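The values are calculated or read from the model by the stated rules, or taken from the named source; none is laboratory data. A quick note: this is a predicted structure, and the numbers were derived from the prediction, not measured. The area values use the complete protein model at the heavy-atom level, side chains included, leaving out ligands, DNA and RNA. Shrake-Rupley method; radii C 1.70, N 1.55, O 1.52, S 1.80 Å.
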Amino acid sequence: MFVILLRFSENKTRASEFMDGHSQWLRQGFEHGVFLLAGSLQPDAGGSMIAHNTGLSELEERLSRDPFVVERVVEAEILEIDPKRADERLSFLLS
C-alpha cells in the first residue's frame, strides 16, 4: 500500500491549465482499482492519494503520466506502507 503526496511546486500557478488531464488521469487510477482515496492537502498544499494493488515501479510509471507531474505543477513523494493491523472495514488492505 502506498500514500502519495503531490506537493505543489514551481508551476503551481499553471494547475488550472492541466486540471482536466489530471482529473482524467486520477479517474483512470480509480477505474483500474489502484487508487482507493484522493484528496487535497490543506491548506492549499497539493493533493494526496492512497494506492493499493500495485507495485512501486508500476506506481512510479503511473505517476510519470500525471500531467501535474509532467508539467512540474506538483512533485510526487511516495510512501510505502506494509500494513500490519487494520480496522475490520479495512482488512482487505492486509492481504
(message) Over the chain, with a Gaussian network built from C-alpha contacts below 10 Å, which listed residue (His22, His32, His52) shows the highest mean-square fluctuation?
(response) His32
(request) Over the chain, average the accessible area per residue using a 1.4 Å probe and give it in Å², no decimals. (result) 65 Å²
(request) Subtracting the Cα-Cα distance from 0.36 nm times the residue separation, let me have the gained length for Glu17 to Ser40 in nm, one decimal. (result) 6.5 nm
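Determine the gain in length on full extension of the stretch Arg72-Asn53; use 0.36 nm per residue of separation and subtract their C-alpha separation, reporting nm with one decimal.
Values: separation 19, 0.36 × 19 = 6.84 nm, distance 2.62 nm.
Extra length available between Arg72 and Asn53 comes to 4.2 nm.
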(message) At a threshold of 8 angstrom on Cα-Cα distance, excluding pairs fewer than six apart, so keeping six or more, what relative contact order does region 18-87 reach in percent?
(response) 28 percent
(message) Quick one: 3J(HN,Hα) in Hz for region 10-25, Karplus 6.51/-1.76/1.60 with θ = phi - 60°, rounded, Gly and Pro as x.
(response) 4, 9, 3, 5, 9, 3, 4, 5, 10, 4, 4, x, 5, 5, 5, 4
(message) Please compute the length gained on full extension between Arg65 and Glu10, using 0.36 nm multiplied by the number of residues separating them and subtracting their Cα-Cα distance.
(response) 18.0 nm
